[in-house]
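Before any comments, here is the structure.
Just so it is clear, none of the values below were taken in a lab; they were calculated from the coordinates. The structure presented is a predicted model; accordingly, all values stated were derived computationally and were not measured. So basically every Cβ, Gly included, is an ideal-geometry build from the backbone, and we count neighbours across all protein chains shown.
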Amino acid sequence: MDFETIKRLEDTYTANTYARYDAAIISGRGARAYGPAGEEWIDFTSGIGVNILGFSDPGWAAAVAEQAAKLQHTSNLFYNEPCAAAAEKMTKLSGMANMFFCNSGAEANEGAIKAARKYGMSGRGGRSEIVTLDGSFHGRTMATITATGQESFHKDFSPLLQGFAYAKPNDIDSLYAKLSDRTCAIMIEFVQGESGVNVLDADYVAEIARVCAERDILLIADEVQTGVARTGRFMAYEYFGVKPDIVTVAKGMGGGLPLGGILFGERTKDTLKPGDHGSTYGGNPVVCAGADYVLSRIQDDFLAEVRRKGELFKEKLTGMDGVADISGIGLMIGVSLTNADAKRVAAACLKNGLLVLTAKEKIRFLPPLIITDDEIEAGLGIFAETLATAER
Ligand SMILES: Cc1ncc(COP(=O)(O)O)c(C=O)c1O
C-alpha cells in the first residue's frame, strides 16, 4: 500500500485518538526505519522506548517466530516455560522477589495500585491513599489517569477514582502535606518522561524512601519508561540507591511485543493471592520468549555501552546552536530549545530523515539502545541542521 492509502484507511477505520506524524513506517532494521516510498530515517524514538534492540533484531525475531510455531498461548491455568525463564531473569536482574506479567504499562500500574491498596487494607488500618507527583504520567486507564498528576489527562473523564493525592516533585514540604495516616503508597517516576524528561533530585528520593520505611508506606516505582536498561542501569532506582517495594515495567522488556510487569519486593511478594488479580494474556509464551531473548542480551557491557552512548549524545548536544538545556539519564534524553517550537522541529526532522519525539515543550530522544556511534553522529547532524533552519 502507498502512504496515502494507509493514511486514508486508518483515518477512516480507526478511532481518532492519536495525533500522528505524516508518515508510515513499513519496515526497519536496527536504528533505521523505512517508509512505503523508500524513505529512510534514523530512529531516535524506538517506538517510544520499546524497541530497545532496534527494529526486528534477528535473534529476537527468531525467538518469537520459533515460539509462535511451537505454542502461542496456554492460559494461566498452566505453567509455561518462556514465562518461567523471563520471570527468573527479570527478578534476578532487578533484585526483586517475584513478579506478575501483564500487557502494558498502564495495566502494570493498575495492578501495582491494587496490590498497594490490599497491602494497606490488610492489617494496617484500612489505608488506601496513594500519593503521586505533579507532572507524572502513569497510563490511560481510569486508575492510571487518576494517578497521573496532570489535570489535562483528568478533564472530561470524571468521576475519577477516590484516594489519590498529588505532591510537587522535589518539594519535601509538599510531600509531607499530602501524606496522612491513610497513605498506603507513594508512586514516582525517577525520570518523568512524558512531562519533559525531568530527573528527580537524589535528596528528595532519599527522603521519600526514608519516610516510606518509617511509616510502613510502600514505595512504588513506575519504571515503565526508565526500566530495562534505558538509563544505562537495569533499573533507574539503582542510580538513587533506593529499593522500591513495587516496580512496574513494560516498554523495553518485550522488545516490541506488548508486555508489562509488576515486580514485587520482600514486603509485597505475597500480598496478592490466587483470585486477587489476573490477565488472560499475562505471561504469553510468544511475548515472553521475545522478552527472555531481550533480557539475555542485557549484560554489564551492554549497560556500559548505553551509558557511554548517553554521554556521547550529551557531548554532541552541548553547545549546539538552538539547544538551551539537556536533561535525562543514559539514552533517555530531553532537549530544551532556545527559541523553536518542539512539535515543528520534530515534524521538520521527519522530513529531513530523523525520527524524534517531543515531551511537552522539549524534544525527547529514546533511541534503540543498540544504536551505533555513526548513527548518533548522523542523526544529530540532521538535528543540528534542522534546528538551524527551524521556524521561530
Ligand atoms: C512512566 C510511564 N508509565 C506508564 C505508561 C503507560 O504505558 P502503556 O502505554 O504501555 O500503557 C507510560 C507510557 O508512556 C509511561 O511512560
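Do we find that Ile333 is over 15 Å from Thr91 (Cβ atoms), within 16 Å of the ligand (Cβ to nearest atom), in contact with a strand residue (DSSP E or B) (Cβ under 7 Å, 6 or more places away or on another chain) and β-branched (Val, Ile, Thr) in this structure?
Details: over 15 Å from Thr91 (Cβ atoms): yes; within 16 Å of the ligand (Cβ to nearest atom): yes; in contact with a strand residue (DSSP E or B) (Cβ under 7 Å, 6 or more places away or on another chain): yes; β-branched (Val, Ile, Thr): yes.
Yes, satisfied.
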### Summary
Within the range 2-42, the count of residues that are on the phi < 0 side of the Ramachandran plot and more than 22 Å from the chain's Cα centre (by Cα) comes to 27
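For the structure I just gave you, tell me whether Phe153 is under 30 Å from Val356 (Cα atoms) and either more than 13 Å from the ligand (Cβ to nearest atom) or more than 17 Å from the chain's Cα centre (by Cα) (or both). Break it down into steps so the answer makes sense when it comes.
Details: under 30 Å from Val356 (Cα atoms): yes; either more than 13 Å from the ligand (Cβ to nearest atom) or more than 17 Å from the chain's Cα centre (by Cα) (or both): yes.
When the stated conditions are applied, Phe153 passes them.
In the range 253-275, which residues are part of a loop (DSSP other than H, G, I, E, B), touching a residue at least 40 places away in the same chain (Cβ under 8 Å) and within 15 Å of Met99 (Cβ to Cβ)? Steps first, please.
Within the range 253-275, the first condition is being part of a loop (DSSP other than H, G, I, E, B), and the residues that meet it are 256, 258-259, 265-275.
When the remaining residues are screened for being touching a residue at least 40 places away in the same chain (Cβ under 8 Å), the result is 256, 258-259, 265-269, 271-272.
Answer for the range 253-275, where residues must be part of a loop (DSSP other than H, G, I, E, B), touching a residue at least 40 places away in the same chain (Cβ under 8 Å) and within 15 Å of Met99 (Cβ to Cβ): Leu259, Gly265, Glu266, Arg267, Thr268, Lys269, Thr271, Leu272.
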### All positions within the range 113-153 that are hydrophobic (A, V, I, L, M, F, W, C), over 15 Å from Ile246 (Cα atoms) and in a strand (DSSP E or B)
Leu133
### Message
Looking at the range 343-362, can you tell me whether even one residue there is among the polar types (S, T, N, Q), part of a helix (DSSP H, G or I) and touching a residue at least 24 places away in the same chain (Cβ under 8 Å)?
### Response
yes
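Considering each residue of the range 91-112, count those that are closer than 16 Å to Leu257 by Cα and assigned to a helix (DSSP H, G or I), and give that number.
Total meeting the criteria: 4.
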### Query
Looking at this structure, is Cys83 within 29 Å of Arg233 (Cβ to Cβ), away from the ligand (no atom under 16 Å from the Cβ) and in contact (Cβ under 8 Å) with a residue 60 or more places away in the chain?
yes
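Out of all the residues in the range 131-148, is one or more without any contact (Cβ under 8 Å) to a residue 12 or more places away in the chain and surrounded by fewer than 22 Cβ atoms within 10 Å (Cβ to Cβ)? Quick ask: steps written out before the conclusion?
From the range 131-148, those without any contact (Cβ under 8 Å) to a residue 12 or more places away in the chain are none; that's our starting set.
No: zero hits.
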#### Entry: Subset of the range 243-260 that is among the hydrophobic types (A, V, I, L, M, F, W, C) and crowded, with 24+ Cβ neighbours inside 10 Å - its residue that is farthest from the ligand (Cβ to nearest atom)
Ile246
